[in-house]
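Notes to accompany the following structure.
The values are calculated or read from the model by the stated rules, or taken from the named source; none is laboratory data. Here the structure is a predicted model, which is why all the values come from computation and not from measurement. Note that each Cβ is placed from the backbone with ideal geometry, even for glycine, and that neighbours are counted across all protein chains shown. SASA here: full protein model, heavy atoms, side chains in, ligands and nucleic acids out. Shrake-Rupley method; radii C 1.70, N 1.55, O 1.52, S 1.80 Å.
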Amino acid sequence: MDFSEVELSDGDREFQAELRSFLASVVTDDVIRRDRVTGDNFDEGLHLALGAAGYLERDWLPEAAGGFTAVRRRIWELEIGRVHAPWFHWGTTSMVATAVDRFGSAELKEEVLGKVLSGHHRLCLGYTEPEGGSDVATCKTRAVRDGAGWVVNGSKMFTSNAHHAQYVFLITNTDPAAAKHQSLTMFLVPLDAPGVEIQPIRTVDGDRTNITFYSDVRIDDRYRVGPVNGGWAVLREALNAEHGTVELDDSGLHKIAVMTEHALLLAEAIDTIAGEADISEGSVGYRLGRSIARTEVALSTPGMFGRVAIAQTLRDVTPDLMDILGAASSLPTGTGGAAGDGGAEYVFRLASPTGVYGGTLEVFRNMIAQHALGLGRPQYAPPADRRS
């Protein structure tokens, strides 16, 4: 692995300075405070400002079509992360927009893509079902042909940002008699369609997600993305992007793994705690040093291995940080007397859902076992009773 420092050109340094100045003007204390209260991980004013300034378009387009160079894309990712901008749902929107661009009709692309890049349209994911777990192919939400259109019935869990989005990228079952990977069809369903209901769910880390219901929702066939019963091929590329298992180029400038933003929050909390804790007491220094080493290893672990390492490190390290600080560590940010400015309390709550977002740790460990180590598929059936 090459850890050499990238030498920025004068133009790249100018871009970095302009971006820092822009972000300082739009990611205000009020934006951060409002995001903590809502748990949305989204701010419409910020999102529209990013669109109006052309940053969303340049992030989405390839370099050959006017997008960021590899260096400027990395600058963009680092700078917007450093200011803790509530923009995480742009990643989802960008991923779905790519699927629409590749598999959608010309009419659908014309309706959606321009407003996505301006920031006016946001797209969310309708994958998981209330009883479906991590296997999205066990889809029971039905789409039935009705003349030139479709009628959709079902429900989806964890439809994050649906209350700020205009469309949901919805997995439906269009042939219940077929094998589960041959029965799926993808749609981009307008969330203002009659019959769509969005209900909030608040997670343990304070984030807002949603459960969405689809009751006799009628949509035109132009909202179909890809072929009928060919949705798995459409979905697979989007899932690979969400999991961070897409093929990377040889620039060496990509994020090492998905969820690195969460590990950076952990690193910030450790730095704050190290400044407050009494490290003259030997065990405290040892435990902080161990936490720092674990975090550095996680941040240096690539691909789906890093996805597991980051989530597991959060789960292992954060209870130790809480214990070092004592009872005051349970107070949240902004509360009088909160140890470490509430950082330990927040990352402790963040640790559990980080192991679920975008697929559970068990799913990723199975992927590593099968695709990286060449082991067989897991067997979940109970062993046969061989007693006579």
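Some observations on this one:
- By the combined test of axial Cα extent (at least 27 Å) and Kyte-Doolittle hydropathy (mean at least -0.5), the qualifying DSSP H helices of the chain come to 303-325.
- With every protein chain in place, the range 1-147: carbon and sulfur % of accessible area (1.4 Å): 50
- Within the range 334-388, the chymotrypsin sites (Phe, Trp or Tyr not before Pro) that combine a DSSP coil assignment with at most 16 other C-beta atoms in a 10 angstrom radius are Tyr380.
- Mean separation of Cα contacts under 8 Å (6+ apart) over length of the chain, as relative contact order %: 12
- Rounded to the nearest 20 debye, dipole of the range 278-375 from Cβ charges on Lys, Arg, Asp, Glu: 380
- When exposed loop sites are taken as trypsin sites (Lys or Arg not before Pro) in a DSSP loop with at most 12 other Cβ atoms within 10 Å, the longest stretch of the chain clear of them is 1-385.
- A DSSP coil position with no more than 10 other Cβ atoms inside 10 Å describes the following chymotrypsin sites (Phe, Trp or Tyr not before Pro) in the range 1-92: Phe3.
- Its Cα centre serving as origin, the chain has a Cβ charge dipole (Lys and Arg +1, Asp and Glu -1) of approximately 1380 debye.
- Where labels lie 7 Å past Cα in the beta-carbon direction, separation of Glu197 and Ala24 in nm: 4.9
- Here the simple spin-label model places points 7 Å from the Cα toward Cβ, and for Ala64 and His254 these points are separated by 1.8 nm.
- Candidate values (1) -0.53, -0.69, -1.15; (2) -0.31, -0.53, -1.31; (3) -0.36, -0.59, -1.37, label of the one derived for log10 I(q)/I(0) by the Debye sum over Cα atoms at q = 0.07, 0.09, 0.14 Å⁻¹: (3)
- Calculated [222 nm] ellipticity per residue, helices only, for the chain: -14000 deg cm²/dmol; basis is -39500 (n - 2.57) per DSSP H run with n ≥ 4, divided by all residues, nearest 500.
- Relative contact order computed over the range 123-230 (Cα-Cα under 8 Å; 6+ residues apart), in percent: 30
- Positive-pole candidate from Ser283, Thr313, Ala269, dipole of the range 267-315, charges at beta carbon: Thr313
- Considering only alpha-carbon pairs that sit under 8 angstrom and 6 or more positions apart, the relative contact order computed for the range 10-86 is 43 percent.
- Distance between the C-alpha centres of the range 315-375 and the range 123-189: 30 Å, rounded to the whole angstrom.
- Prolate/oblate/rounded label for the range 123-230 (Cα gyration tensor, a/c 1.5): oblate
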